Amino acid sequence: MRPKLRILLFGILLAVLTSAVNGQFRLFGPKPTPKPMRKASELISRQAPLKVNQSILKQATPDNIHIVVSIPKQRAYLMIDDQVVADGPISSGKRGHESPTGHLHVLEKDPNHHSNLYGEFVDSSGRVVRAGVSARIDSAPSGTHFAGAPMRWFLRLTDEGVGMHVGILPGYPASHGCIRQSADGAKLFYDYAKVGTPVDVGDY
């Protein structure tokens, strides 16, 4: 065998052996450390916080404002005509529980509203026995009663109970139909809205 051919064959053999050893090391060697799960706060921080135009806010009254909710942007806007008074993050209804869209109105205001459908089963001492339940679907365990989920600064939009209120904002649609807001956003919208305030919800 010629020396050059021998060197070439030796090089090929060496390359095959090296790749086989590397492959075995990847299969049986130490596994890479998995990335830690992201905290909920990191996901929430994706949404820009409430922004308020203070100069326009001075002109706002319950008689001249209206509300626009953008489902794609997951934002709610307090407006005077075409001017944005405040712009805050929301979480609308998830798939299967989509928020109602169209031209709505505030039907009721309740600063300390509680859901009559979603909440928890608690015992006589107030200890939560089961969370995330539906009063319509789930049966209360013996010795417990239903406690509706708090919906602070509630602005009712439908007769079925959908409204705007304080809630968890994960950065995407996650509610059972309501439009969740940050605490400061919900309070501001509540303070300036009245029964009858127009609320447009849709692909804005």
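The values are calculated or read from the model by the stated rules, or taken from the named source; none is laboratory data. Bear in mind the structure is a predicted one, so any value in this text is a computation, not a measurement. Methodologically, a virtual Cβ is constructed for each residue, glycine included, from the backbone with ideal geometry; neighbour enumeration extends over all protein chains shown. Calculation scope for accessible area: heavy atoms of the full protein, side chains included, ligands and nucleic acids excluded. Shrake-Rupley method; radii C 1.70, N 1.55, O 1.52, S 1.80 Å.
Annotations for the structure displayed:
- Selection status of residue 119, more than 17 Å from residue 74 (Cα to Cα), among the small types (Gly, Ala, Ser) and open to solvent by less than 20 Å² (accessible area, probe 1.4 Å): yes
- Filter pass, residue 59 being surrounded by 12 or more Cβ atoms within 10 Å (Cβ to Cβ) and at pLDDT 95 or above: yes
- Scan of the stretch 124-178 for residues that are in a strand (DSSP E or B), touching a residue at least 24 places away in the same chain (Cβ under 8 Å), surrounded by fewer than 17 Cβ atoms within 10 Å (Cβ to Cβ) and not small (Gly, Ala, Ser), ordered by number: 145, 150
- Put simply, of 163, 132, 202 the only residue that is under 30 Å from residue 86 (Cα atoms) and out of contact with any Phe, Trp or Tyr (no Cβ under 6 Å at 6 or more places or on another chain) is 202.
- Checking each residue in the stretch 44-70 for being part of a loop (DSSP other than H, G, I, E, B) and over 18 Å from the mean Cα position of the chain (by Cα) picks out 53, 58, 59, 60, 61, 62, 63, 64.
- Output for the stretch 76-92, where each listed residue is open to solvent by 30 Å² or more (accessible area, probe 1.4 Å) and either modelled with pLDDT under 95 or of a type in the set (D, E, K, R) (or both): 81, 82
- Scanning the stretch 127-146 for residues that are modelled with pLDDT of 80 or more and touching a strand residue (DSSP E or B) at 6+ places or on another chain (Cβ under 8 Å) turns up 128, 129, 130, 138, 140, 141, 143, 144, 145.
- Condition met for residue 73 (touching a residue at least 40 places away in the same chain (Cβ under 8 Å), open to solvent by 60 Å² or more (accessible area, probe 1.4 Å) and within 30 Å of residue 204 (Cβ to Cβ)): yes
- Which numbered condition residue 123 misses (of (1) over 17 Å from the mean Cα position of the chain (by Cα); (2) acidic (Asp, Glu); (3) within 30 Å of residue 194 (Cα to Cα)): (3)
- Number of the exception - residue 73 against (1) over 20 Å from residue 198 (Cβ atoms); (2) in a loop (DSSP other than H, G, I, E, B): (1)
- Residue match in the stretch 94-112 (condition: at pLDDT below 95, of a type in the set (Gly, Ala, Ser) and either surrounded by 15 or more Cβ atoms within 10 Å (Cβ to Cβ) or closer than 29 Å to residue 64 by Cβ (or both)): no
- Residue list for the stretch 147-164, filter: at pLDDT 95 or above and within 10 Å of residue 112 (Cα to Cα): 152, 153, 154
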